[in-house]
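Visitor: Pasting a structure here, questions to come.
The values are calculated or read from the model by the stated rules, or taken from the named source; none is laboratory data. Remember, predicted model here, so these are calculated numbers, not experimental data. Glycine gets a Cβ as well: all are built from the backbone with ideal geometry, and neighbour counts include every protein chain shown.
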Amino acid sequence: MAKTNWHMSATFIAAFKACAMRAYYKYVHGIVPDEDSDALRTGTNWHAILEIMGMEPGTECPNLKNAKFHDGSCALCEGTGTLPDDIMDAVIRTLNAAYDEVPVYKTREEWLTERAILLYTVAGYNWRWADDDLEVVATEIPFELELHDADGKVIPNVIIPGKIDKLLRNKHGKLFVGEHKSTGKAIDSGSSYWSHLTMDTQTTLYIYAARKLQQSGKLVEYGIFPDDDLISAVYYDVWHKPQTRPKKLTQAESKKFCETDGEYMGKKFNVTGSVGDVEDLLR
């Protein structure tokens, strides 16, 4: 019987640390929830649109060599093979595709609200950080590392796979592993969010992986050489997800809304029914 090859990714390790049985069912038997969690879905989509925002407008589409997009369905370039002059067009198309169909466990309002939050946040993010002096040296760098025991021997049938989001260089030439994260937790200076990073699996693992890649010469193509100062820090970019949601009108506001023929906050909306209907409902 062939031995099982274990892929000890950062997510596997984190899941095991949280609950060994959860890691066992998910990563050994492939048993996962049939519904995406809000945190996982928005985090994945946030990462995707940030990656698009980092692309150079008017350059070759990264999906050009992917046969499944040759029918013009590519949200980035619409089959032209070239990224749009305004990269926000690609962001909007990507979000439209991701939120095209409302899942059964979400209302249409919830689904479109989530999309709107992502769209307006990335627009604000780009406005705020467009002139950041950090240089993106490389993106989406995959790795597969061996796992060693305490004596330095390679443990068979075990690999540590992963993909580094970005390698960044500041104006002083210092290199960083770049990580984009999203959270609904507080991220102010007094919160516990930052203190946990000293023991965070992915943060420590990815610095280790970046160093291994650097020392083995696998980052030379990006201008990073084995005898350069070792990569030793993480640039941790966290998006705090807005907690605002559409609010329902009060009874008084609803009545006024109908009495003014659908005017609210200085805007007109189409209204069906009559004031009498509303008064009956509000009794």
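Visitor: If you scan segment 52-69, which residues turn out to be touching a strand residue (DSSP E or B) at 6+ places or on another chain (Cβ under 8 Å), modelled with pLDDT of 90 or more and at negative phi?
Guide: Matches in segment 52-69: Thr59, Glu60, Cys61.
Visitor: Condition check: farther than 27 Å from Glu114 by Cβ, of a type in the set (Phe, Trp, Tyr), surrounded by 12 or more Cβ atoms within 10 Å (Cβ to Cβ) and under 18 Å from the mean Cα position of the chain (by Cα). Does Tyr206 satisfy that?
Guide: yes
Visitor: Is at least one residue of segment 125-139 modelled with pLDDT of 90 or more, of a type in the set (Val, Ile, Thr) and in contact with a Phe, Trp or Tyr (Cβ under 8 Å, 6 or more places away or on another chain)?
Guide: Yes, some residue in segment 125-139 is modelled with pLDDT of 90 or more, of a type in the set (Val, Ile, Thr) and in contact with a Phe, Trp or Tyr (Cβ under 8 Å, 6 or more places away or on another chain).
Visitor: With Ser254, Ser182, Ser192 as the choices, which residue is surrounded by 18 or more Cβ atoms within 10 Å (Cβ to Cβ), among the polar types (S, T, N, Q) and within 30 Å of Thr113 (Cβ to Cβ)?
Guide: None of the other options fit; the residue is Ser182.
Visitor: Have a look at Arg169, Arg128, Arg115 and point out the one that is loosely packed, with under 10 Cβ neighbours inside 10 Å and basic (Lys, Arg).
Guide: Just one listed residue meets the conditions, Arg128.
Visitor: If Thr4 satisfies all but one of (1) of a type in the set (Ser, Thr, Tyr); (2) in a loop (DSSP other than H, G, I, E, B); (3) in contact with a Leu (Cβ under 8 Å, 6 or more places away or on another chain), what's the number of the condition it fails?
Guide: Failing condition for Thr4: (3).
Visitor: Follow-up. Could you please give the count of residues in segment 234-260 that are more than 30 Å from Glu179 (Cα to Cα) and modelled with pLDDT of 75 or more?
Guide: Total meeting the criteria: 13.
Visitor: How many residues, within segment 110-159, are of a type in the set (Val, Ile, Thr), touching a strand residue (DSSP E or B) at 6+ places or on another chain (Cβ under 6 Å) and within 29 Å of Met53 (Cα to Cα)? Full working, then the answer.
Guide: Looking only at segment 110-159, we keep the residues that are of a type in the set (Val, Ile, Thr), and these are 113, 117, 121-122, 136-137, 139, 141, 154-155, 158-159.
Then keep just the ones that are touching a strand residue (DSSP E or B) at 6+ places or on another chain (Cβ under 6 Å); that gives 136-137, 139, 141, 154-155, 158-159.
Next, only the ones that are within 29 Å of Met53 (Cα to Cα) stay: 136-137, 139, 141.
Matching residues across segment 110-159 total 4.
Visitor: Another question, then. Within segment 31-54, does at least one residue satisfy the condition of being touching a Gly at 6+ places or on another chain (Cβ under 9 Å), over 23 Å from Arg245 (Cβ atoms) and assigned to a loop (DSSP other than H, G, I, E, B)?
Guide: Taking every residue of segment 31-54 in turn, none turns out to be touching a Gly at 6+ places or on another chain (Cβ under 9 Å), over 23 Å from Arg245 (Cβ atoms) and assigned to a loop (DSSP other than H, G, I, E, B).
Visitor: Only one residue in Pro62, Pro84 is of a type outside the set (Gly, Ala, Ser), part of a loop (DSSP other than H, G, I, E, B) and closer than 25 Å to Leu112 by Cβ, so which one is that? Can you show your working first?
Guide: Details: Pro62 fails: closer than 25 Å to Leu112 by Cβ.
Answer to the check: Pro84.
Visitor: Determine, yes or no, whether Tyr99 is of a type outside the set (Asp, Glu) and crowded, with 17+ Cβ neighbours inside 10 Å.
Guide: yes
Visitor: Could you check, for segment 133-152, whether at least one of its residues is buried (at least 17 other Cβ atoms within 10 Å of the Cβ), under 15 Å from Val234 (Cα atoms) and more than 19 Å from the chain's Cα centre (by Cα)?
Guide: Checked against the condition, which is being buried (at least 17 other Cβ atoms within 10 Å of the Cβ), under 15 Å from Val234 (Cα atoms) and more than 19 Å from the chain's Cα centre (by Cα), segment 133-152 yields at least one hit.
Visitor: Now for a different question. So His29 passes all but one of these: (1) farther than 25 Å from Pro161 by Cα; (2) surrounded by fewer than 15 Cβ atoms within 10 Å (Cβ to Cβ). Which condition number does it fail?
Guide: That leaves (1) as the condition not met.
Visitor: Here's something else I'd like to know. In segment 108-140, how many are in contact (Cβ under 8 Å) with a residue 60 or more places away in the chain and outside any helix (DSSP H, G or I)?
Guide: Result for segment 108-140: 6.
Visitor: Follow-up. Working carefully through the options Gly178, Gly162, Gly184, Gly223, find the one that is under 21 Å from the mean Cα position of the chain (by Cα), in contact (Cβ under 8 Å) with a residue 40 or more places away in the chain and under 26 Å from Asp133 (Cβ atoms).
Guide: Matching residue, one of Gly178, Gly162, Gly184, Gly223: Gly178.
Visitor: Related question: Name every residue in segment 186-215 that is within 27 Å of Ala138 (Cβ to Cβ) and among the polar types (S, T, N, Q), in order of residue number.
Guide: Once the filter is applied, which keeps residues that are within 27 Å of Ala138 (Cβ to Cβ) and among the polar types (S, T, N, Q), segment 186-215 yields Thr198, Thr201, Gln202, Thr203, Thr204, Gln214, Gln215.
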